[in-house]
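The structure appears below as structure tokens.
The values are calculated or read from the model by the stated rules, or taken from the named source; none is laboratory data. Note that the structure is predicted; figures quoted are calculated from it, not measured. Virtual Cβ from ideal backbone geometry, glycine too; neighbours counted across all protein chains shown.
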């Protein structure tokens, strides 16, 4: 009697819901609106200009406090933003908006009876916050420069003095150290408000302000003083460092104790010792969860990563903590598009190294774009060959036009509203494809990207 071979039932792929990305942003909007309504309802009598100016300042403190909550590293916070990378994007947005509001408050509001210390504290606070804002925006000058001005600005950026300043501004370690003072600068502004605000004849306004500022500073103290003590970390050591191409490396890390658990497509914060000291960076994981060693791919774009091949060697210790991100093809539909740009192929490598034959959706069109030979292309092609439902297409932008949403949709030949897209690569490329795919009819909830630059 023949024994029937068990049938493997593949999970259905139904796509994502936009609400998972909107809970956090809508909550921020509700808080800002409710805070303004509270001030309007209990508005004291007096100078309307003073009231508006101080309301603007209080809203600025609220937004900056929200920004501190968003980078608290608490899982229950980032889940409302669809991942810590998206929470970091919103942190940047609310911090910029909050700093702008406080700047407007200082420029438009005066107190003839100010305390001797209050204005000084306010000046220190806004100066530090403004410096942090400029520092965060500066590396993204290509995004904020109007297209007609990009040529002249590009030439200016190539001049000697600007390149020297650029190396200083581009230092991730230096920026990260200064960025940790965000809560200190907010504290200066917060105390300034307590000392000099003229509307605090209302106990309700005073206590609402205390709660708003106090919550943000409380989360800041948790992050700086306690988060590292309660975080789960795993000890590893570098087993190999190998170049992928002229500007990328892969690092293999072997466990020294309990292995690090993660989901395919996630990234992790890695504390890595090098010849010039310890460095802490987010790295995308290219290996599968079932593999003994953890493999990360590194593009040489910053102060540490650009010299990683010279300063990191086998045997050096590493500490891995906090697997992050919700970049997971299992959240997609039955017909998916994967787009990787250069070393952005890392999460797709993790997916392919983890998925057994027959586990992927019914069809995956995988576009792998690079300028010249694609990094790790042979390995990607080998892994892709194990999945009949996956079609790999290499795009060499030295010989072919850059990949566009129109080209993608024409190639896959499926209605846009039935697709889900997973994009990872250079920010300019990913942002353009995300925008154009949504305009072409792909549901916004089904366009996924990884913001692996947390700065």
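Condition check ((1) exposed (fewer than 13 other Cβ atoms within 10 Å of the Cβ); (2) farther than 25 Å from residue 287 by Cα; (3) outside the structural domain of residue 436 (by TED's automatic domain parsing)) across all residues:
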{"position": "375", "(1), (2), (3)": "no, no, no"}
{"position": "399", "(1), (2), (3)": "yes, yes, no"}
{"position": "406", "(1), (2), (3)": "yes, yes, no"}
{"position": "409", "(1), (2), (3)": "no, yes, no"}
{"position": "415", "(1), (2), (3)": "yes, yes, no"}
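Could you check, for region 444-455, whether at least one of its residues is assigned to a helix (DSSP H, G or I), over 30 Å from residue 357 (Cβ atoms) and in contact with a helix residue (DSSP H, G or I) (Cβ under 9 Å, 6 or more places away or on another chain)?
yes
Condition test on residue 10, is it modelled with pLDDT under 90 and assigned to a loop (DSSP other than H, G, I, E, B)?
Taking the combined requirement at face value, the residue satisfies it.
Counting only residues that are in contact with a helix residue (DSSP H, G or I) (Cβ under 6 Å, 6 or more places away or on another chain) and closer than 26 Å to residue 37 by Cβ, give me the helices (runs of 4 or more DSSP H) lying completely in region 172-274 with at least 1 of them.
Of the helices (runs of 4 or more DSSP H) lying wholly inside region 172-274, those with at least 1 residues that are in contact with a helix residue (DSSP H, G or I) (Cβ under 6 Å, 6 or more places away or on another chain) and closer than 26 Å to residue 37 by Cβ span 182-196, 203-221.
Scan region 334-359 for residues that are surrounded by fewer than 24 Cβ atoms within 10 Å (Cβ to Cβ) and in contact with a strand residue (DSSP E or B) (Cβ under 7 Å, 6 or more places away or on another chain) and report the count.
1
Could you tell me whether residue 290 is in a loop (DSSP other than H, G, I, E, B) and modelled with pLDDT of 85 or more?
yes
So is residue 325 at positive phi and touching a strand residue (DSSP E or B) at 6+ places or on another chain (Cβ under 7 Å) or not?
Answer is yes for this residue.
Answer with yes or no whether residue 214 is in the same structural domain as residue 118 (by TED's automatic domain parsing), surrounded by fewer than 16 Cβ atoms within 10 Å (Cβ to Cβ) and over 19 Å from residue 349 (Cβ atoms).
yes
Taking the residues in region 275-299 that are without any contact (Cβ under 8 Å) to a residue 60 or more places away in the chain, in contact with a helix residue (DSSP H, G or I) (Cβ under 8 Å, 6 or more places away or on another chain) and more than 16 Å from residue 323 (Cα to Cα) as candidates, determine which candidate is surrounded by the most Cβ atoms within 10 Å (Cβ to Cβ).
Among residues in region 275-299 that are without any contact (Cβ under 8 Å) to a residue 60 or more places away in the chain, in contact with a helix residue (DSSP H, G or I) (Cβ under 8 Å, 6 or more places away or on another chain) and more than 16 Å from residue 323 (Cα to Cα), the one surrounded by the most Cβ atoms within 10 Å (Cβ to Cβ) is 298.
Quick one: is residue 169 touching a helix residue (DSSP H, G or I) at 6+ places or on another chain (Cβ under 7 Å), farther than 19 Å from residue 72 by Cα and modelled with pLDDT under 75?
So residue 169 passes the test.
Find the helices (runs of 4 or more DSSP H) located wholly in region 328-426 whose residues include 1 or more that are over 19 Å from residue 13 (Cα atoms), modelled with pLDDT of 90 or more and touching a helix residue (DSSP H, G or I) at 6+ places or on another chain (Cβ under 6 Å), and list them.
377-384, 405-412
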